[in-house]
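Enquirer: Submitted below is the structure of interest, expressed as structure tokens.
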Amino acid sequence: MCERCQRDLTDEVHHIVPVSQAPELVFDRTNVIGLCRRCHYGVHHLGESVSEPPPAPAIPKPDELDELAEGRLRASQLIG
Ligand SMILES: [Zn+2]
Ligand SMILES: [Zn+2]
């Protein structure tokens with residue numbers, strides 16, 4: 001599990017102190033963190049912090065929720 005967002009599977013290992021700055025820490029467990037692809041990309045390319053979890057996923061808009069509820073209603077009518 002990604003150690004940052006706790007949502008996605010760990011895909012990649014990130015070095016907290018870049019290996020270019022501290023080659024001796026390359027195998028140091030305290031210097032590595034398992035991240036999902038999304039978090040790893042964010043940390044490297046979007047200036048996000050490893051210690052800060054990413055923003056929550058967008059919540060569905062109210063009209064989308066209505067559609068979901070309608071879908072459930074229709075499904076239950078079919079069954080009933
Ligand atoms: Zn993640
Ligand atoms: Zn990295």
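The values are calculated or read from the model by the stated rules, or taken from the named source; none is laboratory data. The model shown is predicted, which means the values in this text are computed figures rather than measured ones. Backbone-built Cβ (ideal geometry, glycine too); neighbour counts: all protein chains shown.
Enquirer: Go through the residues of the stretch 16-30 one by one and say whether even a single one is in a strand (DSSP E or B) and either among the hydroxyl-bearing types (Ser, Thr, Tyr) or within 11 Å of ligand 2 (Cβ to nearest atom) (or both).
Expert: no
Enquirer: Out of all the residues in the stretch 45-52, is one or more within 16 Å of ligand 1 (Cβ to nearest atom) and modelled with pLDDT under 90?
Expert: Yes: the stretch 45-52 contains one or more residues that are within 16 Å of ligand 1 (Cβ to nearest atom) and modelled with pLDDT under 90.
Enquirer: Looking only at the stretch 31-46, count how many residues are within 12 Å of ligand 2 (Cβ to nearest atom) and either surrounded by fewer than 16 Cβ atoms within 10 Å (Cβ to Cβ) or β-branched (Val, Ile, Thr) (or both).
Expert: Within the stretch 31-46, residues that are within 12 Å of ligand 2 (Cβ to nearest atom) and either surrounded by fewer than 16 Cβ atoms within 10 Å (Cβ to Cβ) or β-branched (Val, Ile, Thr) (or both) number 7.
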